Amino acid sequence: MAREQTLSAPAAVRSISLDRGSHRSFLEEVVIDHGPREILNRMFLSADTQLRAAGVRLTFGSLEELVAVNKANRANWSPLLPLYDPAVNDIAEGDAIALFARAPSGQVAATIAARRYDLEDGTLADKIESLRLFYSDPAKSALDGEEMRVSSKVARGTRGVAVFSGAAWSHPDWRGARLIDPMAPICRGLALTKWYPDLTFSFMVPELVKNGTAKRWRMNVDWEITMINTPVKRGATINAALSWTNPTLMQEHFVDVVASRSGRADAQVDVGVVNRAAKQ
């Protein structure tokens, strides 16, 4: 797939701007690297405006913090897929993004994350079924009886660069604000400009497909991914969909995000993001 490289920032700048934890707004640290600068810039601003109106500030953080927040909220959040856990994965600093919506009190109101994979040795289905999607060393880290089965044609046909987008969670006190709706395009936009993946994907349970979540987040659905005795639900089988998108579909989604808030954010541009990109 051809990749449009609008701008190219030095690797050190990209590392600082997207990977290191900070409680500053993510907008203060974004550098547009790949993709359509104008669309991304306006989408970031529009979605961030929606989050600030809801009373939260979106910041970058670490995978260690993501794992800790998950463990602290097990009463209302299932265990994370192990692919985000540095304890069982050797994840390069530049290969993951973790985002946290923080309330004025400092409480984490919502999270979302993304991780990049190079599919150099096979297809996405190979990566999933081997459990190397979850663990650097499955023989050492996987649960007894843990298994992944793939019948998705999209997964079987995907090579190149893939990004898993997940860890989408809202604290019960904030679920009425639907914070994930603006956070999802921000996370995918950051992954697009940082990595320009051939495919961005997740695993989605049937209930979320049926209630319109996949459609609302502009994700296509391909069946199925069978998850057997994973840390998410030990001793059980989950029949999930592969929800997926690509750069063209994401850009269409980003345009709609801006258009849906026209009159509030559409006419504005975050000059800071443009200037930071232009200076690289």
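Miscellaneous remarks
- Selection status of Asp121, within 27 Å of Arg52 (Cα to Cα), out of contact with any strand residue (DSSP E or B) (no Cβ under 9 Å at 6 or more places or on another chain) and of a type in the set (D, E, K, R): no
- Every pair of residues 6+ apart whose Cβ atoms lie under 6 Å, when the first sits in the range 231-258 and is farther than 14 Å from Ile186 by Cβ while the second is of a type in the set (Val, Ile, Thr) and assigned to a loop (DSSP other than H, G, I, E, B): Ala240/Val205
- Taken over the range 105-130, residues that are modelled with pLDDT of 95 or more and either touching a Pro at 6+ places or on another chain (Cβ under 8 Å) or of a type in the set (Gly, Ala, Ser) (or both) amount to 8.
- Yes/no for Asn211 being free of Cβ contacts under 8 Å to residues at least 12 places away in the same chain and either of a type outside the set (A, V, I, L, M, F, W, C) or within 28 Å of Ala142 (Cα to Cα) (or both): yes
- Scanning the range 2-57 for residues that are of a type in the set (S, T, N, Q), more than 26 Å from Arg175 (Cα to Cα) and either modelled with pLDDT of 90 or more or touching a Lys or Arg at 6+ places or on another chain (Cβ under 6 Å) (or both) returns Thr6, Asn41.
- Residue within the range 177-194 that is of a type in the set (S, T, N, Q), within 24 Å of Ala96 (Cα to Cα) and either surrounded by fewer than 17 Cβ atoms within 10 Å (Cβ to Cβ) or free of Cβ contacts under 8 Å to residues at least 24 places away in the same chain (or both) present: no
- Within the range 99-130, the residues that satisfy the criterion of being of a type in the set (A, V, I, L, M, F, W, C), under 18 Å from Phe203 (Cβ atoms) and in contact with a Phe, Trp or Tyr (Cβ under 9 Å, 6 or more places away or on another chain) are Ile112, Ala113, Ala114, Leu124, Ile128.
- Residue match in the range 179-201 (condition: part of a helix (DSSP H, G or I), over 20 Å from Asp48 (Cα atoms) and of a type outside the set (Lys, Arg)): yes
- A single member of Arg132, Arg116, Arg52 is under 15 Å from the mean Cα position of the chain (by Cα) and either of a type in the set (Lys, Arg) or buried (at least 22 other Cβ atoms within 10 Å of the Cβ) (or both), and it is Arg116.
- Within the range 27-146, strands (runs of 3 or more DSSP E) holding 3 or more residues that are out of contact with any Ser or Thr (no Cβ under 8 Å at 6 or more places or on another chain): 108-119
- Which listed residue, of Asn70, Asn41, is polar (S, T, N, Q), under 30 Å from Lys140 (Cα atoms) and either in contact with a strand residue (DSSP E or B) (Cβ under 8 Å, 6 or more places away or on another chain) or touching a residue at least 24 places away in the same chain (Cβ under 8 Å) (or both): Asn70
- Subset of the range 20-49 that is surrounded by fewer than 16 Cβ atoms within 10 Å (Cβ to Cβ) and over 18 Å from Ile112 (Cβ atoms) - its residue that is farthest from the chain's Cα centre (by Cα): Glu38
- So Ala101, is it within 30 Å of Ala177 (Cα to Cα) and touching a residue at least 12 places away in the same chain (Cβ under 8 Å): yes
The values are calculated or read from the model by the stated rules, or taken from the named source; none is laboratory data. Remember, predicted model here, so these are calculated numbers, not experimental data. Every residue, glycine among them, receives a Cβ derived from its backbone with ideal geometry; neighbour counts consider all protein chains shown.
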